[in-house]
């Protein structure tokens, strides 16, 4: 009981019942006792508890690519990249990786995405758009912008 209390553990009882002294000691120390009759119920509960403790996997999903055709410097905003989407989509709620001469310059959030002066949620392949990156103004013509989203996937033990 002392080890369970010290490590915030749960006591698992299989086909046994705790006597009154053990039950009282557990209540006094705040230790939980779980009783199981079928082994599969115990293993299922353990698996669920462990899966809940595992940090989720982060997977990167590539959405699309755009090429910077022209840049526009606006004094109060910064640099806006005039782009053409060459594959997939560019989504406002995603992130962009800036690539110049096959070197990744950085990874930035999209501050604004516009299509023909209107705000856009996404811009599809073959269309042109204006992109303002958050915290990055060193965009040059010919840069490639790779759009991706990071998704969290729950990890399992199996």
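The values are calculated or read from the model by the stated rules, or taken from the named source; none is laboratory data. Predicted, not measured: the structure shown is a model, and the values here were computed from it. Here the Cβ positions follow ideal geometry from the backbone for every residue, glycine too, while neighbour counts run over all protein chains shown.
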- Item | Residues within the range 74-97 that are within 20 Å of residue 151 (Cα to Cα) and not in a loop (DSSP other than H, G, I, E, B), tallied | 7
- Residues (assigned to a loop (DSSP other than H, G, I, E, B) and either surrounded by 11 or more Cβ atoms within 10 Å (Cβ to Cβ) or touching a strand residue (DSSP E or B) at 6+ places or on another chain (Cβ under 6 Å) (or both)) located in the range 31-56: 31, 54, 56
- Query: Looking at (1) loosely packed, with under 13 Cβ neighbours inside 10 Å; (2) more than 20 Å from residue 97 (Cβ to Cβ); (3) more than 19 Å from the chain's Cα centre (by Cα), which is the only condition residue 115 fails?
  - Reply: (1)
- Single residue of the range 147-157 satisfying the filter (touching a helix residue (DSSP H, G or I) at 6+ places or on another chain (Cβ under 8 Å) and exposed (fewer than 12 other Cβ atoms within 10 Å of the Cβ)) that is modelled with the highest pLDDT: 154
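Here is a yes/no grid of residues against (1) surrounded by fewer than 17 Cβ atoms within 10 Å (Cβ to Cβ); (2) modelled with pLDDT under 90; (3) assigned to a strand (DSSP E or B):
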| site | (1), (2), (3) |
| --- | --- |
| 72 | yes, no, yes |
| 107 | yes, no, yes |
| 126 | yes, no, no |
| 136 | no, no, no |
| 140 | yes, no, no |
| 145 | no, no, yes |
